[in-house]
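K.L.:
Pasting in a structure now, in structure tokens, and then I'll have a few things to ask.
The values are calculated or read from the model by the stated rules, or taken from the named source; none is laboratory data. Keep in mind the model is a prediction, meaning the values are calculated, not measured. In this analysis, Cβ positions are derived from the backbone assuming ideal geometry, glycine residues included, and neighbour counts consider all displayed protein chains. To get the accessible areas, we keep the full protein, side chains included, count just its heavy atoms, and leave off ligands, DNA and RNA. Shrake-Rupley method; radii C 1.70, N 1.55, O 1.52, S 1.80 Å.
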Amino acid sequence: MRFSPFCFLLLVGGTLSLCLALPASANPSDRNPTAPLAVHGTIPEAKALAAKLYSTYDRIREIELEAIEQKGDHSRLPGKRLVKAAGELWKAIRDARKLQLMGEPAGYDIESKLRGAAGNVNAYAMYWGQSPDGLKAKAKAKQLLDKAIPKLRKIAERASGMLSDGQVEPFVNLVESEGQRLAAELSLFAPAEKPAAQEFLNFISSGEAEVAKSRFAEYAAQSREVLDANLKRVDQFEGDSAAVIEQVRQTGRYSSADGESGNVPAAMRHIVDRWGIASAALMRAHAISIAFDARRVDFGGRGDVAGVIVESSLEPRMTVLTETAIRSIVLLIDAATAQVSSENVAQLYVDLLPSISVAQRRMGGRSDLLVNACRESLRNLAQRDPVFAINVASYDRVASQPLRWREKFAADQADSMSKQCVASSRLLASENESPGASGRKSVIAPQVMDRWANLLVDDAVPRLLGKQVSDSSVRRLSSNGRLGVVPYSDGHYSLIALPLEIGEQVADLRTAISVSDAYAPLSLDAAGAISAAEMQEFESVGGVIRNVTLESLLVRFAALPEAASVIQPLGELPELGNDRVPPMKAACWRLDVQPMWAQNRYFVAKAR
């Protein structure tokens with residue numbers, strides 16, 4: 001024998017459910033603890049393969065449980081089904097490693113489950129082999145296995161030649177069907193009594209590294225196409241924005257390549273929206289580049305994978321995107337300033353502020369970059385009408401004092417109310433006694449999926465549901481949607497059920513800063529206050545955990561839809577793992593929260 005080196009939101013009965021472009025049944029949760037981990041599907045066949053593997057496990061799990069019930073009497077074990085299952089598990093474990101090469105974290109979760117099942121199934125098949133019926137089956141299997149040795153040697157020699165010639169998939173197809181049959185029959189034998197046919201399985205194993213290397217090169221090349229398509233979306237942002245700005249400079253209106261058109265305020269909304277879309281594309285590219293980083297794959301000392309291009313870091317691209325977006329917003333204001341007549345300055349000015357304030361909130365802690373960049377251009381726009389410029393300066397002086405007072409009062413109120421809650425990140429990271437394991441303490445929601453995902457959910461859910469938690473920075477997923485999201489941080493993100501009844505607080509805020517249907521806010525802070533209130537975007541929130549879901553962190557961002565770019569502040573890429581948290585096993589916990597109170601920057605509202 002020659003061996004070769006080798007929706008967004010559904011609100012039903014008070015329960016939040018978010019798909020964010022993933023199947024509704026994907027990911028284990030309090031509602032479905034045994035659901036499989038979702039896949040990002042960069043390699044198209046990954047979804048079907050993952051579904052098949054989890055289905056195989058579920059089916060064989062029933063056989064395993066039946067065997068456990070009958071383990072006291074070997075003759076009553078479901079012997080023939082155990083033997084067949086042993087062969088299926090051998091093949092499924094190999095397919096799970098294939099799923100891993102497709103950059104799918106689910107491959108690691110399902111391999112662990114399949115190996116756990118294989119340990120029991122093979123043991124019980126061996127025990128059944130000691131029963132009267134099992135001894136007969138084992139004797140017959142031994143005879144057939146010994147008789148098959150010449151055939152197996154010929155297959156091995158042919159397969160070895162295929163592998164040497166680089167025909168990896170023909171090699172796999174040739175050996176795996178035979179290997180599955182052998183693995184089934186060999187399960188009847190104790191390790192010390194395995195027939196010589198076991199050597200064929202060892203031969204197949206000797207080629208695994210070469211198979212992995214070839215497959216990973218193929219999948220990485222496919223992923224590069226997807227990664228490049230996402231980066232193209234990022235690069236298109238600059239050209240699209242420049243075209244919009246030039247059209248506004250020439251005509252005061254715009255028409256985009258995707259069929260949108262409108263006036264200057266619509267052009268500003270277009271640029272801000274496209275910034276979010278480009279950011280989502282860059283986050284997807286970031287996750288995909290990590291999923292297909294050759295440094296994470298063990299090729300058994302076979303060297304690097306030729307032709308695999310890996311983005312070492314996309315941080316510089318995010319920096320360029322942020323600079324381009326801020327510059328585009330400023331240039332659009334300048335282009336509009338050059339176009340607008342003095343009698344239209346006031347209306348244009350107040351119509352631009354809401355979109356700028358949205359971008360400001362989306363940037364989170366880095367929003368000063370945008371505000372400082374826009375300040376002079378907004379001043380120049382206002383000065384096209386000298387009287388209006390004076391009104392803007394006067395309004396800013398008048399509105400700033402109540403805003404400062406209200407901001408401090410709201411912060412004090414929120415601080416007092418948050419004392420009734422625990423910060424969600426602190427709760428998830430806390431350690432206490434595990435349910436069903438008296439005396440054993442564990443972290444409630446680990447950031448590493450070092451056990452089966454469904455077991456982590458089983459462990460976490462009783463310690464999370466019903467708890468009162470606080471979170472920060474609620475952003476609306478869509479202007480007319482019923483869902484807010486707390487951006488990802490410290491291994492989790494939260495979904496907040498909206499809207500809250502805040503009409504009274506909004507009316508009071510409008511009165512405090514002299515805003516009415518006839519008079520719009522004239523400062524960016526005031527416009528931001530009204531915009532955030534009307535969109536129900538909050539500085540902090542407190543509420544009760546209603547649902548818990550465990551996702552793969554890498555999949556969450558690799559499959560991120562455009563509308564969900566608010567899950568990360570504009571200008572930032574998420575950290576998807578490190579030396580302590582391997583990216584392929586990094587957890588992302590999702591909390592669905594029913595709010596009790598929420599803090600706008602300038603008021604606090606309680607849920608009714």
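K.L.:
Return the subset of 80/113; 80/585; 419/441; 84/441; 113/232; 47/71 for which the Cα-Cα distance in this structure is over 31 Å, preserving the input order.
P.N.:
Violating the 31 Å Cα-Cα cut-off are 80/585; 84/441; 113/232; 47/71.
K.L.:
Can you grab the distance from the C-alpha centre of segment 169-248 to the C-alpha centre of segment 451-523, Å, no decimals?
P.N.:
For segment 169-248 versus segment 451-523, the Cα centre distance is 40 Å.
K.L.:
Among 530-542, 376-388, how do they line up by average Cβ neighbours within 10 Å per residue, starting with the highest?
P.N.:
Descending mean neighbour count gives 530-542, 376-388.
K.L.:
Report the full-extension gain for the segment residue 397 to residue 135: residue separation times 0.36 nm, less the Cα-Cα distance, to one decimal in nm.
P.N.:
Gain on stretching residue 397 to residue 135: 85.0 nm.
K.L.:
Here's another thing I want to ask about it. Rounding to the nearest 20 debye, state how big the charge dipole of segment 45-195 is about its Cα centre with +1 on each Lys and Arg Cβ and -1 on each Asp and Glu Cβ.
P.N.:
My answer is approximately 520 debye.
K.L.:
Residues of the chain: accessible area per residue at 1.4 Å, in Å²?
P.N.:
Averaged over the residues of the chain, the accessible area is 44 Å².
K.L.:
Let me ask something else about it. Rounded to the nearest 5, what % of DSSP beta bridges with both residues in the chain are antiparallel?
P.N.:
DSSP beta bridges in the chain are roughly 85 percent antiparallel.
K.L.:
Please work out which option in (1) 283; (2) 263; (3) 163 gives volume of the Cα convex hull per residue in Å³ calculated from these coordinates, and answer with its label.
P.N.:
(3)
K.L.:
Would you mind telling me the share, in percent, of accessible area of segment 449-608 contributed by carbon and sulfur at probe 1.4 angstrom?
P.N.:
About 46 percent, which is the carbon plus sulfur part of the accessible surface.
K.L.:
Which of 191, 243, 214 sits farthest toward the positive end of the charge dipole of segment 180-256, with +1 on the Cβ of Lys and Arg and -1 on the Cβ of Asp and Glu?
P.N.:
Farthest towards the positive pole: 243.
K.L.:
Which of the three applies to segment 431-483, rounded, prolate or oblate, going by the alpha-carbon gyration tensor with a ≥ b ≥ c and a/c under 1.5 meaning rounded?
P.N.:
Here segment 431-483 falls in the prolate category.
K.L.:
Further question: Give me the percent relative contact order of segment 92-192, please, defined on Cα pairs under 8 angstrom at least 6 residues apart.
P.N.:
The value is 29 percent.
K.L.:
If you count, for each residue, the other Cβ atoms within 10 Å and average over each peptide, how do 136-148, 577-589, 481-493 line up from highest to lowest?
P.N.:
My ranking of the peptides, most packed first, is 481-493, 577-589, 136-148.
K.L.:
For segment 87-223, with all protein chains present and a 1.4 Å probe, just round the carbon and sulfur fraction of the accessible area to a whole percent.
P.N.:
52
K.L.:
For the chain, what is the mean residue ellipticity at 222 nm derived from helices alone (per DSSP H run of n ≥ 4: -39500 (n - 2.57); sum divided by total residues; nearest 500 deg cm²/dmol)?
P.N.:
-19000 deg cm²/dmol, from helical runs alone.
K.L.:
Now a separate question. Given 171, 46, 360, which one lies farthest toward the positive end of the charge dipole of the chain, if we put +1 on the Cβ of every Lys and Arg and -1 on the Cβ of every Asp and Glu?
P.N.:
Result: 171.
K.L.:
Moving to a separate point now. Under the 0.36 nm per residue contour assumption, what length would be gained going from the current alpha-carbon distance of residue 294 and residue 243 to full extension?
P.N.:
14.5 nm
K.L.:
Order these peptides, 204-214, 190-200, by their mean beta-carbon neighbour count within 10 angstrom, highest first.
P.N.:
Put in order of decreasing packing, that is 204-214, 190-200.
K.L.:
If you don't mind, there's one more thing I want to ask. Return the FRET efficiency for the residue pair residue 257, residue 516: r is the Cβ-Cβ distance, R0 is 41 Å, and the value is rounded to the nearest 0.05.
P.N.:
0.60
K.L.:
Going by the alpha-carbon gyration tensor, a ≥ b ≥ c the square roots of its eigenvalues, is segment 359-417 rounded (a/c under 1.5) or, if a/c is not under 1.5, prolate (a/b greater than b/c) versus oblate?
P.N.:
oblate
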